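The values are calculated or read from the model by the stated rules, or taken from the named source; none is laboratory data. Only a predicted model underlies this, so the values are computations on that prediction, with no experimental measurement involved. Glycine gets a Cβ as well: all are built from the backbone with ideal geometry, and neighbour counts include every protein chain shown.
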Amino acid sequence: MTEYLLILISTVFVNNIVMVKILGLCPFMGVSKKLEAAIGMGAATTFVLTLGSGASYLINHYLLGPDLAYLTTLSFIVVIAGIVQFTEMVVEKTSPALYQTLGIYLPLITTNCAVLGIPLLNVQAKHNFMESIFFGMGGALGFTLVMVLFAGIRERMEGADVPVIFKGSAIAMVTAGLMSLSFMGFSGLIK
Amino acid sequence: MLSALLVMAGIAIALGAVLGYAAIKFRVEGNPLVDKIDAILPQTQCGQCGFPGCKPYATAIAAGEADINKCPPGGEEGIHKLAELLGMEFKPLGGNAVPKPKSVAFIDEATCIGCTLCIQACPVDAIAGAAKQMHTIIAAECTGCELCVAPCPVDCISMKVIEEKITNWKWKYPVYALNTVETTNVAGAALQKTNGRAPG
Amino acid sequence: MRKLNHFHGGIHPPSNKTQSTQVAIAHAPLPSKLIVPFHQHAGEIAKPVVQVGDHVLKGQLIGMPDGFVSSAVHAPTSGTITAIDLQLIAHPSGLPNLCATLIPDGKDEWVERKAVDYRDHSQPELQQLLRMNGVVGLGGAAFPSDVKLRIGKQKIKTLILNGAECEPYITCDDMLMRERANEIVQGAQMLRFMLDADEVLYGVEDNKPEAIAALQQAIKESNLNHDVVAIPTVYPGGSAKQLIRVLTGLEVPSGKLPTDIGVQCFNVATAYSVCRALAHGEPLLSRIITITGNVRRAQNFEALIGTPIDYLVALGEALSDTDGYIMGGPMMGIPLPSVHVPVVKATNCIIATSAKLFPQPQPSMPCIRCTRCVEACPADLQPQDLYWFAQSKEFGKAQKFSLFDCIECGACSYVCPSHIPLVQYYRFAKSEIRAREHDKQLADQARVRHEFREHRFEREKQEKADKLAAREAAAQAAKLASTQPLTPQQLAEQADLEARREHIREVAQSSVENTAVENTTERTGN
């Protein structure tokens, strides 16, 4: 049980997928203007990643094996694309406003490098089924965490007296950099 | 080689089946977004957006057929709200349309010939009158759409800007005089300007 | 000894009250002109019921209450109405409002006054009496008292008489309590009767020992079980919600009224005017006003409503370096747009300002989130966040941070080390939000009307189509009928026509007599 907890803490804080591994920056910058949208995106990504890690483990372990290892990336992409399509349908049905807000970023989860990256890292680290799922979920929770934090900061920044040349993405990038620095402070948390 | 093909085909078929089922299960009827957009629009029904009213415009926005910056009565405020709802970037008001101050129509009752053309044009039934009788605007119901101005054959309808009275007066955004600091160069003055506040 | 509670925050500005409590309340002499605004209370403006040129008596109704929240306006003295027009009044906008100009005839002749014994009347009757006597809250908001007494089925446990008078400089309630405690106590008893309250508490700040003693004396003399409570002097301890908190320990929930928690609160001066209105039949025609600040003789005056403020200021002898006037206290008052505006029911104090007494506010600097305002806020809000959202016009979020629970007391601005005029930002945000809600309502109304119009068009189209279909059906039926054999009448007509033709031919040949005979036979044949 401890190892699962360790995987969770490590993926959420120490090796945060966005802030430390610098993966999944596209939705991180794109959907973090509004807190609600960020939470929605985080939830959608968590759903996709947890499911995707599990499914990709099964495919890799039972279908591909060492013989067909060259199909790993290809098959993962197909599976993830399928799961994202499914998620899109669910979101459109359950929350039209969120669907509209997430807009293009929802189908773009397919090409979110974090979403493909985590199953691939799972293969690399030779995780078993449960470890894969926890690794996927942890990574996604870490993603959600920084999304929410960043969206909170950006909502506040809306009211700030930012010099014209820094307005918009520029100040967001600066903020993201500072956040990344602070997340590096977690390294060494787990020995 | 064959096994690789089989594996990929198998995955594709399985996913296809799941997605096909989901498409039936999670079918979305209608577009609930239209009402949300319609709630933001100012309901002047003026048609300045090129659609015959606010609801058709809302429907067009929801379908992605119209831009969000076509509504002059809603002003920038309305565009901001739409942009927020739809997760889009803010766009300045499209075309040559300029937001006008809020106004209501006024009928010069001495000139009115009672032709009822304006009554037919009013989208919110805010004109009272009958054929050969003088007409008048119910100011409280008038949305200021100006649709009644053009049909009038004797040009007796004018738009009157709503004046600021004690009943509709609003507190202003606090603006304070900048501290008079001797600025020796242009950069200093520019800085003061962008900050919007005076350095202590 | 009653156990007192505390509200969060509060400040201790220098009170500056002693200047104006040295001498007794003086009656301001009758001015040469009175300007009586028709909108002196919260709610709807009163409707003028006099004409220009009318001679009115003191206490005669000149403005009829119009709407649920509204109050009557009376002529403060006898004289002639010379104008009813828009005049500058004491309002932060500096915009004019409808006023009657009254030139006194100097006789001060009363209309017939009718005193009533409140115990003989039902509550609705008494409420109507107060409404027609123009009794409104004299604490500053001028909310019609009758509306505050219409409590429905709610049970009022505590009636609070607010004599805290927490704002610096103002002493009108203090002097009223010292000099006219008897009538305040009687008024309180009337209010208690109307609310059927279990207990009556007077909240008076402990910096007014004379007022407390006077009230206690009056209560003892009239043998009532009212209770005077000395409360600690903290600004804004006289704000209704804060006073309720201190006296009862109850907090008025956000968006609710004190009556929802069984408490109602009236100013002591309101109680006084309730007593005058019921026991003496006198409508609210005058009030006590503190003239203070940069004046030689700071004093309280009993002045008629409508007295021009420059007249009162002259009585107080404003010093030469006076550069402006504030109506109300220095914390919540409004700078007067002109010194010629009239006294209204809400005018409790006029402060003459000078650069020495009230230096120009320092230029504001950026918010450093020191949260001193949080410590000072008596409403438990987060002023720095409210400011942040108000200045960036993010009204939705400001509302989420309970902007409308702000009582605009100014404690936050007072302590702000950056000198940010916080309350002005809140006022701006509040009025902007209200305007938006109003617009939203109008838009919804327009939508309903438009949809109804569409629906009506649809219906008319349907009706027209139905009518057309019916007509077509009728035409079809008529066509069908025409192919059928002729009716006997039609046959007869045809025969008649034929006969005439025959007859004409015959006329051309035969004699006149013959024709006549044949004609008659034809006719009879018909």
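Only residues that are part of a helix (DSSP H, G or I), among the hydrophobic types (A, V, I, L, M, F, W, C) and surrounded by fewer than 23 Cβ atoms within 10 Å (Cβ to Cβ) were counted in the stretch A:8-47, giving 12.
Determine if the stretch A:119-134 includes at least one residue that is surrounded by fewer than 13 Cβ atoms within 10 Å (Cβ to Cβ) and more than 19 Å from the chain's Cα centre (by Cα). Spell out how you get there, then give the answer.
Looking only at the stretch A:119-134, we keep the residues that are surrounded by fewer than 13 Cβ atoms within 10 Å (Cβ to Cβ), and these are A:124-126, A:128.
Imposing the further condition that a residue be more than 19 Å from the chain's Cα centre (by Cα) reduces the set to A:126, A:128.
Yes, that holds for at least one residue.
So, in the stretch C:429-487, how many residues would count as being closer than 30 Å to B:Tyr57 by Cα, away from chain B (no Cβ under 12 Å) and basic (Lys, Arg)? So the answer is 3. Counting the residues of the stretch C:321-357 that are in contact (Cβ under 8 Å) with a residue 60 or more places away in the chain and farther than 30 Å from C:Gly43 by Cβ gives 5. Please work out which residue is modelled with the lowest pLDDT, limiting yourself to the stretch B:84-131 and to residues that are buried (at least 16 other Cβ atoms within 10 Å of the Cβ) and within 14 Å of chain A (Cβ to nearest Cβ). Checked the stretch B:84-131; the qualifying residue modelled with the lowest pLDDT is B:Gly87.
Which condition number does A:Gly159 fail, the rest of (1) free of Cβ contacts under 8 Å to residues at least 40 places away in the same chain; (2) surrounded by 15 or more Cβ atoms within 10 Å (Cβ to Cβ); (3) not in a loop (DSSP other than H, G, I, E, B) being met? Among (1) free of Cβ contacts under 8 Å to residues at least 40 places away in the same chain; (2) surrounded by 15 or more Cβ atoms within 10 Å (Cβ to Cβ); (3) not in a loop (DSSP other than H, G, I, E, B), the lone unmet condition for A:Gly159 is (3).
C:Asp405 passes every criterion in (1) within 14 Å of chain A (Cβ to nearest Cβ); (2) touching a residue at least 60 places away in the same chain (Cβ under 8 Å) apart from (1). Within the stretch B:36-78, the set of residues being hydroxyl-bearing (Ser, Thr, Tyr) and within 11 Å of chain C (Cβ to nearest Cβ) comprises B:Thr44 only. What do you reckon, is B:Glu163 within 14 Å of chain C (Cβ to nearest Cβ) and either of a type outside the set (Lys, Arg) or surrounded by 16 or more Cβ atoms within 10 Å (Cβ to Cβ) (or both)? When the stated conditions are applied, B:Glu163 passes them.
If you check A:Val84 against the conditions, is it within 16 Å of A:Thr45 (Cβ to Cβ) and either more than 7 Å from chain B (Cβ to nearest Cβ) or of a type in the set (Val, Ile, Thr) (or both)?
Working: within 16 Å of A:Thr45 (Cβ to Cβ): yes; either more than 7 Å from chain B (Cβ to nearest Cβ) or of a type in the set (Val, Ile, Thr) (or both): yes.
Yes, satisfied.
Tallying residues that are out of contact with any Pro (no Cβ under 6 Å at 6 or more places or on another chain), crowded, with 18+ Cβ neighbours inside 10 Å and among the β-branched types (Val, Ile, Thr) within the stretch C:16-48 yields 4.
Can you tell which of C:Gln441, C:Gln445, C:Gln476, C:Gln424 is closer than 30 Å to C:Glu375 by Cα, of a type in the set (S, T, N, Q) and in the same structural domain as C:Val374 (by TED's automatic domain parsing)?
Details: C:Gln441 fails: closer than 30 Å to C:Glu375 by Cα; C:Gln445 fails: closer than 30 Å to C:Glu375 by Cα; C:Gln476 fails: closer than 30 Å to C:Glu375 by Cα.
Of C:Gln441, C:Gln445, C:Gln476, C:Gln424, the one residue that is closer than 30 Å to C:Glu375 by Cα, of a type in the set (S, T, N, Q) and in the same structural domain as C:Val374 (by TED's automatic domain parsing) is C:Gln424.
With respect to C:Val229, determine if the residue is surrounded by fewer than 22 Cβ atoms within 10 Å (Cβ to Cβ), touching a helix residue (DSSP H, G or I) at 6+ places or on another chain (Cβ under 9 Å) and β-branched (Val, Ile, Thr). Yes.
Among residues that are at pLDDT below 90 and surrounded by 24 or more Cβ atoms within 10 Å (Cβ to Cβ), A:Ile104 is not included. Checking C:Ala499, C:Ala477 one by one, the residue that is more than 60 Å from the chain's Cα centre (by Cα) and in contact (Cβ under 8 Å) with a residue 12 or more places away in the chain is C:Ala499 and no other.
For (1) at pLDDT below 90; (2) part of a loop (DSSP other than H, G, I, E, B), each residue gets a yes or a no:
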| position | (1), (2) |
| --- | --- |
| C:Gln128 | no, no |
| C:Gly139 | yes, yes |
| C:Ile151 | yes, yes |
| C:Ala164 | no, yes |
| C:Glu183 | no, no |
| C:Leu191 | no, no |
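For every residue, the table says whether it meets (1) farther than 30 Å from A:Val31 by Cα; (2) in contact (Cβ under 8 Å) with a residue 40 or more places away in the chain; (3) more than 12 Å from the chain's Cα centre (by Cα).
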position	(1), (2), (3)
B:Ala60	no, no, yes
B:Ile107	yes, yes, yes
B:Cys115	yes, no, yes
B:Gln120	yes, no, yes
B:Asp125	yes, no, yes
B:His135	yes, no, yes
B:Ala139	yes, no, yes
B:Cys142	yes, no, yes
B:Pro153	yes, yes, yes
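Restricting attention to the stretch A:162-191, the residues that are part of a loop (DSSP other than H, G, I, E, B), among the aliphatic types (A, V, I, L, M) and touching a residue at least 24 places away in the same chain (Cβ under 8 Å) total 2. Taking the criterion of being more than 19 Å from C:Leu442 (Cβ to Cβ) and basic (Lys, Arg), the only residue of the stretch B:52-79 that qualifies is B:Lys70.
Quick check on my filter: what residues within the stretch C:340-368 are in contact with a strand residue (DSSP E or B) (Cβ under 9 Å, 6 or more places away or on another chain) and not in a strand (DSSP E or B)?
From the stretch C:340-368, those in contact with a strand residue (DSSP E or B) (Cβ under 9 Å, 6 or more places away or on another chain) are C:340-354, C:357-358; that's our starting set.
Residues satisfying the conditions are C:His340, C:Val341, C:Val343, C:Val344, C:Lys345, C:Ala346, C:Thr347, C:Asn348, C:Ser354, C:Leu357, C:Phe358.
For C:Val69, are the conditions met, namely being among the β-branched types (Val, Ile, Thr), part of a strand (DSSP E or B) and touching a residue at least 60 places away in the same chain (Cβ under 8 Å)? Steps first, please.
Details: among the β-branched types (Val, Ile, Thr): yes; part of a strand (DSSP E or B): no; touching a residue at least 60 places away in the same chain (Cβ under 8 Å): yes.
In short, no.
Number of residues in the stretch A:48-89 that are modelled with pLDDT of 90 or more and outside any helix (DSSP H, G or I) equals 0. Residue pairs whose Cβ atoms lie under 9 Å apart, separated by 6 or more positions or on different chains, with the first residue in the stretch C:80-94 and among the charged types (D, E, K, R) and the second outside any strand (DSSP E or B), are C:Asp85/C:Val52. Contact map, the stretch C:366-395: first residue closer than 16 Å to C:His12 by Cα, second residue among the polar types (S, T, N, Q), Cβ cut-off under 7 Å, separation 6 or more or different chains; pairs are C:Cys373/C:Gln384; C:Val374/C:Gln382; C:Val374/C:Gln384; C:Pro378/C:Ser239; C:Pro378/C:Gln242.
With respect to (1) crowded, with 17+ Cβ neighbours inside 10 Å; (2) at positive phi; (3) at pLDDT below 90, the lone exception for C:Gly134 is condition (3). Taken together, C:Pro104, C:Pro92, C:Pro76 contain a single residue that is at pLDDT below 90 and either more than 14 Å from every other protein chain (Cβ to nearest Cβ) or surrounded by fewer than 18 Cβ atoms within 10 Å (Cβ to Cβ) (or both), which is C:Pro92.
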